[in-house]
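The values are calculated or read from the model by the stated rules, or taken from the named source; none is laboratory data. All values derive from a computational prediction rather than experimental measurement. All Cβ positions, even for glycine, are placed from backbone atoms using ideal geometry, and neighbour counts span all protein chains on display.
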Amino acid sequence: MRLRKARITDVKGVHKLIMNTSADDGLVLPRSYNQLYSHLRDFFVIVDESREDEALGCCALSICWENLAEVRSLVVAREARGQGLGRKLVEACLSDAVTLGIYRVFALTNTPDFFRHMGFVEVSKDTLPQKVWSDCLNCPRFPDCDEIALHIEL
C-alpha cells in the first residue's frame, strides 16, 4: 500500500469509496464527479499497488480561510480499516497544511474520538467562519446537523 497525492485516474475509485461509505453509514458527504475533479489537488489516497492502484482510502485538505483548513472526505474501505490508514491520511493532510503555512485545521465529524486521539480538541461550531458552512446547505442532515467540530493548532 502506498500513500500519495490523488491523480486523475483515482477519481472514479475515490468517488466509489465516498459514495459507498455515504450510502452505507452516512459518515461523509457525497461528492459528485465534478466536485472531485475540481478539488482533486486537495486529496491524498492510499492505493493498493498489487490491485492496479485501487483506492483503499482518501482524505482531503480544503483551504477555507487565511489560516484555516478542513480535513474532509476521510474514508477507508471497510476491508482496510484498523490498519492505521485513516491516521496516515490525516497526517498527510496536516503536513500539507503546515507546508502551505496553515496552522489551524478543523474537522466536522460523527467520529470525534478518532480525531481526539490525533490531538484535535472539540470547539463550538460558532467559532468557525461562515464560509465553512457552504457545504452544509447541500447536506441531507441540514439544518439538524449532529456533527461535532474539532480543531488542532499545528
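Is it true that some residue in the range 48-56 is surrounded by fewer than 20 Cβ atoms within 10 Å (Cβ to Cβ) and either of a type outside the set (Asp, Glu) or under 18 Å from residue 110 (Cα atoms) (or both)? Within the range 48-56, one or more residues are surrounded by fewer than 20 Cβ atoms within 10 Å (Cβ to Cβ) and either of a type outside the set (Asp, Glu) or under 18 Å from residue 110 (Cα atoms) (or both). In the set (1) in contact (Cβ under 8 Å) with a residue 40 or more places away in the chain; (2) crowded, with 16+ Cβ neighbours inside 10 Å, the condition left unmet by residue 27 is number (2).
Here residue 64 meets the list (1) assigned to a strand (DSSP E or B); (2) in contact with a Cys (Cβ under 7 Å, 6 or more places away or on another chain); (3) touching a residue at least 40 places away in the same chain (Cβ under 8 Å); (4) of a type in the set (A, V, I, L, M, F, W, C) almost entirely, failing just condition (2). Residue under question is residue 70, and the condition is that it be among the charged types (D, E, K, R), part of a strand (DSSP E or B) and either modelled with pLDDT of 90 or more or surrounded by 14 or more Cβ atoms within 10 Å (Cβ to Cβ) (or both); does it hold? Considered against the rule, which asks whether it is among the charged types (D, E, K, R), part of a strand (DSSP E or B) and either modelled with pLDDT of 90 or more or surrounded by 14 or more Cβ atoms within 10 Å (Cβ to Cβ) (or both), residue 70 comes out as yes.
All of 77, 97 fail the test of being more than 11 Å from the chain's Cα centre (by Cα), surrounded by 16 or more Cβ atoms within 10 Å (Cβ to Cβ) and closer than 28 Å to residue 121 by Cβ, apart from 97. Provide a single number: the residues in the range 94-111 that are touching a residue at least 24 places away in the same chain (Cβ under 8 Å) and assigned to a helix (DSSP H, G or I). Total meeting the criteria: 5.
In summary, residue 13 fulfils each of the numbered conditions (1) farther than 19 Å from residue 148 by Cα; (2) assigned to a strand (DSSP E or B) with the single exception of condition (2). Restricting 86, 57, 82, 101 to residues that are at pLDDT 95 or above and at positive phi narrows the list to 101.
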